[in-house]
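What follows is one structure encoded as structure tokens, with my remarks underneath.
The values are calculated or read from the model by the stated rules, or taken from the named source; none is laboratory data. Predicted model only: the values in this text are computed from it and were never measured. All Cβ positions, glycine included, derive from the backbone under ideal geometry; neighbour counts span all protein chains shown.
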Amino acid sequence: MPSDGRDCANDGSPTENSGESGPTAPEDRIVSLDVLRGVAILGILVINIWLFGLPMAAGMNPTLYGDFSGLNYLAWLVSHVFFEQKFVTLFTFLFGAGIVLFVESKEAAGRPARRLYFRRTGWLLVAGLLHAYLLWHGDILVAYALCGMLVVFVRNWRPRRLLLLGVAMFALPSLLYLVGGAGYMVADATTQDEINAAVTAGVGGDAIAAEIDAYRGSWTEQIQHRAPTVLMLQTFGFAVETFWMLGGLMSIGMALYKYGIISNRRASRFYRRLLVAGGTAGLALILTGVWYREAVGWETAPVVLLAHQFNYWGALLLSLSYVAAVMLFCRAAAESRAAGALAAVGRTAFSNYILQTVLATTLFYGHGVGWFGTLSRIELLGVVVAIWAIQVPLSVAWLRRYRFGPIEWLWRTLTYRQWQPLRVGEKEK
């Protein structure tokens, strides 16, 4: 595939020693993937901040909690249109691509690729369980680990077949919601009331008050409230929705990598077309969904069952335009400080993801400042900017002295069962 972005995309092959000694060395990474990963981890926080700082009902339907006028409506609108589900989609694409990269590099080096992969993914599962139960119910690491343990078996499929599988898997939860939405639309008023009650079960005024009290309480009180939610999300929610959505996006990510799209190997003209086509179609769907929410008066059942689907598919298309934008940015500004900073965040994405949780829960939960349920949406965006202002320079400064982020280093050490060199210039033992 042609590429005018060599400074921002190498072939990703391990060097003679990198595959034998363990993880891919920093100089052998595909930089465009790191930049894209950095963009994704920063963008994810714009939506995760709702889960950190507001009751779950506000994420389901923003009219259920907090002021929803003026700047707060604008904050929701910008977040919904340009961020909601877009950046987790990017991150899941990259996770799928990472499966192919990891296994191929170990196989090429003659190492036990499957054993290393499952050990690596097993430790990710452990980290996710600790993160979910001890810190925050919005964890995605458990779902990534479980999906990754299954999706890895299709890694050798041709890209077209992976793409078809991914779209089919991604479509299944959407079909379930659409069936429910269609049933709601044709139901009589009494049945519609019953469906609304079922959809909003557990997010009424009493439930919201209990959630606020729990998360403003002690760490023990938080765990007692969080554990049932986490268990439901990781069992029923995973089987019905999360596996199909994330597993599908991982398969699409594998296809995008094999097509050379997210490794910056396609022609610039291809990326410009993808930017326009994905952006136009995606925004059209998402904005139609916003219009529909207004048209139904923000009634919860139609919002959850039907309006959500416009963003569900629109986010997939808009995310592809974001991929194109980042690839073009890499070609235009590969040596810029901005690209270097984003790549640094991407190279320390695991550590930055956990750091976001630590910082946000310290601000919002009772063991810290206790702001849960008190900030408006526009104020929450201010918190996002403040956390970015910490993470970006910290990532750059860290990588000037160290080869990996601290959690990345621990993950690699556990995976390879061998102490990994951490400081820049430190040699293998």
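Here residue 374 fulfils each of the conditions (1) crowded, with 19+ Cβ neighbours inside 10 Å; (2) hydroxyl-bearing (Ser, Thr, Tyr); (3) under 25 Å from residue 220 (Cα atoms) apart from (1).
Do the conditions hold for residue 334, that is, is it more than 22 Å from the chain's Cα centre (by Cα), more than 23 Å from residue 162 (Cβ to Cβ), crowded, with 19+ Cβ neighbours inside 10 Å and modelled with pLDDT under 95? Yes, satisfied. Only helices (runs of 4 or more DSSP H) whose full extent lies in the stretch 42-127 are considered here, and the ones with at least 2 residues that are farther than 23 Å from residue 251 by Cβ are 56-60, 70-82. The set of residues in the stretch 245-284 that are among the aromatic types (Phe, Trp, Tyr) and in contact (Cβ under 8 Å) with a residue 60 or more places away in the chain comprises 257, 259.
The rows are residues; the columns are (1) closer than 30 Å to residue 100 by Cβ; (2) among the polar types (S, T, N, Q); (3) modelled with pLDDT under 95; (4) in contact with a His (Cβ under 9 Å, 6 or more places away or on another chain).
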position	(1), (2), (3), (4)
167	yes, no, no, no
170	yes, no, no, no
182	no, no, yes, no
195	no, no, yes, no
200	no, yes, yes, no
214	no, no, no, yes
239	yes, no, no, no
242	yes, yes, no, no
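Answer yes if at least one residue in the stretch 305-313 is out of contact with any Ser or Thr (no Cβ under 6 Å at 6 or more places or on another chain), more than 15 Å from residue 271 (Cβ to Cβ) and at pLDDT 95 or above, and no otherwise. So far as the stretch 305-313 goes, yes, one or more of its residues are out of contact with any Ser or Thr (no Cβ under 6 Å at 6 or more places or on another chain), more than 15 Å from residue 271 (Cβ to Cβ) and at pLDDT 95 or above.
The residues of the stretch 204-247 that are over 20 Å from residue 144 (Cβ atoms), aromatic (Phe, Trp, Tyr) and surrounded by fewer than 20 Cβ atoms within 10 Å (Cβ to Cβ) amount to a single one, 219. Taken over the stretch 172-203, residues that are surrounded by fewer than 14 Cβ atoms within 10 Å (Cβ to Cβ), within 13 Å of residue 302 (Cβ to Cβ) and within 30 Å of the chain's Cα centre (by Cα) amount to 1. Kindly indicate the residue of the stretch 347-371 that is more than 17 Å from the chain's Cα centre (by Cα) and of a type in the set (Gly, Ala, Ser) and also surrounded by the most Cβ atoms within 10 Å (Cβ to Cβ) among those meeting that condition. The selected residue is 366.
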